[in-house]
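Heads up: the structure comes next, in structure tokens.
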């Protein structure tokens, strides 16, 4: 009887919550619905699953979804919430003796150097949290780096074998795809400004993340020769490539074309790489010929291959001018020359807010060739360049530390991924990590944020540790048999 009453009570509460959420949807309060759903599902999941909720770490650390508001206009990101809650569960498990926490300096040192340098610069340059009333704010990005380091440590305590690796691969794809979906739909619901130059290059940008995630997963799991022999896989790749072209993102399109070539070497099929390069070159040449002599191709398609001289539409030429990035690069270099070792940090001062909001002040300090639209990004330390951005904000040593971390993860994922007795899905996971990091190197000249970089670096380094743990565990069980 008691169980029936409890079940009835749960059903009634569920109906009430469903009605409230339906009303919020009807009123267009999508962010409220998102926050409610996160709270409704996350707390019971963490309590019921305990340490098994580590599966949420890869998704949360890679996905860039809306932050969850707290109070006083402040919010918490999904990664911050998940890493903090899981770390609490880990501490309880260690105290209760259910889990051993191993210090792995030999595995962690690149991330510790990168994160440690960023925190050192935070102490030197200052920058607090707006929620605490700090005059110079920006501490949130430093806090995110700490969260990334902690997330890396938590993941490195896990053990990933075949079944777990398969789930993580799909979680990484889901994180990339859902971020792309959110980026696209946020244009229509008004929660995120993309800053598009024109109508053909606005919400479509988010679709590139869906394509990239799909291409990474496909070529990590299957060899190029296997894909070529399977019609549905060829069709799936062509569809992903078409979606990426429709997004208009040039670097994403380059990634979708280059990663299959890298996959040829990963799967030790270098001969196929030459055929892929030739086919890709012919396809691009065909598009240029069609644009010049037959009929204009869609604007998004033009944009992704606009680096080739051709008779492109005026809208495309306007959207691909480099004045904006040249302005950012010029001012980043100025900052680097002023403080090459410790940078200027990412704190936002009163002067930075004036740079964001006072157009007359910008006109007083800018060079004649500068793009005025770049100055809010300059003030926000959004440099659109990994190397110049890290050097301007944290000094040249930080850029070197990030380069070391990238090389370390690339080398380790390649080495682990080519161990003979590593099962298929851990091998695929290592390939996905290699592809993500390699693409990060490709786009380092056009993007890069200290917080996003730290999350990616911590995630992928932690996953390589977990796969290594799983391999040791597998060999231990095999030795006992």
Quiz prompt | residue 141 being assigned to a helix (DSSP H, G or I), assigned by TED's automatic domain parsing to the domain that holds residue 454, within 17 Å of the chain's Cα centre (by Cα) and at pLDDT below 85 | solution = yes
Exercise. For residue 383, indicate whether it is assigned to a helix (DSSP H, G or I), in contact (Cβ under 8 Å) with a residue 60 or more places away in the chain and buried (at least 23 other Cβ atoms within 10 Å of the Cβ).
Key: no
Practice problem: Go through the stretch 361-380 residue by residue and tally those that are within 16 Å of residue 451 (Cα to Cα) and in contact (Cβ under 8 Å) with a residue 40 or more places away in the chain. | Solution: 1
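Residue-by-condition table, conditions (1) modelled with pLDDT of 75 or more; (2) part of a helix (DSSP H, G or I):
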site	(1), (2)
311	no, no
315	no, yes
325	yes, yes
330	yes, yes
334	yes, yes
340	yes, no
364	yes, yes
Practice problem: Run residue 139 past the list (1) touching a strand residue (DSSP E or B) at 6+ places or on another chain (Cβ under 8 Å); (2) more than 24 Å from residue 381 (Cα to Cα) and report the number of the one that doesn't hold. | Solution: (2)
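Would you point out the residue of the stretch 120-138, among those that are touching a helix residue (DSSP H, G or I) at 6+ places or on another chain (Cβ under 6 Å) and assigned to a helix (DSSP H, G or I), that is modelled with the highest pLDDT? Step through it out loud before you land on a result.
The first filter runs over the stretch 120-138 and keeps only residues touching a helix residue (DSSP H, G or I) at 6+ places or on another chain (Cβ under 6 Å), leaving 121-122, 127-129, 137.
Now restrict to residues that are assigned to a helix (DSSP H, G or I): 121-122.
Values: 121: 86, 122: 83.
Only one residue fits best here, namely 121.
Every residue, every condition in (1) part of a loop (DSSP other than H, G, I, E, B); (2) crowded, with 23+ Cβ neighbours inside 10 Å; (3) at pLDDT 95 or above; (4) within 19 Å of the chain's Cα centre (by Cα), yes or no:
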| site | (1), (2), (3), (4) |
| --- | --- |
| 170 | no, no, yes, yes |
| 196 | yes, no, no, no |
| 211 | no, yes, no, yes |
| 241 | no, no, no, no |
| 252 | no, yes, no, yes |
Quiz item: Which of the following residues is under 18 Å from residue 266 (Cα atoms) and in contact (Cβ under 8 Å) with a residue 60 or more places away in the chain: 435, 460?
Solution: 435
Practice problem: Could you identify the single residue in 276, 288 that is surrounded by fewer than 20 Cβ atoms within 10 Å (Cβ to Cβ) and in contact with a helix residue (DSSP H, G or I) (Cβ under 7 Å, 6 or more places away or on another chain)? | Solution: 276
Practice problem: Assess whether residue 393 counts as being at pLDDT below 95, buried (at least 24 other Cβ atoms within 10 Å of the Cβ) and assigned to a helix (DSSP H, G or I). | Solution: yes
Quiz item: Among (1) crowded, with 22+ Cβ neighbours inside 10 Å; (2) modelled with pLDDT under 85, where does residue 187 come up short?
Solution: (1)
Exercise. For the stretch 109-119, indicate whether the set of residues that are modelled with pLDDT under 95, surrounded by fewer than 16 Cβ atoms within 10 Å (Cβ to Cβ) and not in a helix (DSSP H, G or I) is non-empty.
Key: no
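With respect to residue 265, is the statement that it is assigned by TED's automatic domain parsing to the domain that holds residue 429, surrounded by fewer than 15 Cβ atoms within 10 Å (Cβ to Cβ), modelled with pLDDT of 80 or more and more than 24 Å from residue 287 (Cβ to Cβ) true?
Values: assigned by TED's automatic domain parsing to the domain that holds residue 429: yes; surrounded by fewer than 15 Cβ atoms within 10 Å (Cβ to Cβ): yes; modelled with pLDDT of 80 or more: yes; more than 24 Å from residue 287 (Cβ to Cβ): yes.
In short, yes.
Quick one: is residue 471 in a helix (DSSP H, G or I) and at pLDDT 95 or above? Even if it seems obvious, please write down each step before you answer.
Details: in a helix (DSSP H, G or I): yes; at pLDDT 95 or above: no.
No; evaluated as a whole, the condition is false for this residue.
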Self-check item: residue 425, sole failed condition from (1) surrounded by fewer than 16 Cβ atoms within 10 Å (Cβ to Cβ); (2) part of a helix (DSSP H, G or I); (3) in the same structural domain as residue 468 (by TED's automatic domain parsing)
Solution: (1)
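The values are calculated or read from the model by the stated rules, or taken from the named source; none is laboratory data. Please read all numbers here as calculations on a predicted model, not as lab measurements. For neighbour counting, all protein chains shown are included, and Cβ atoms are generated from backbone atoms with ideal geometry for every residue, glycine included.
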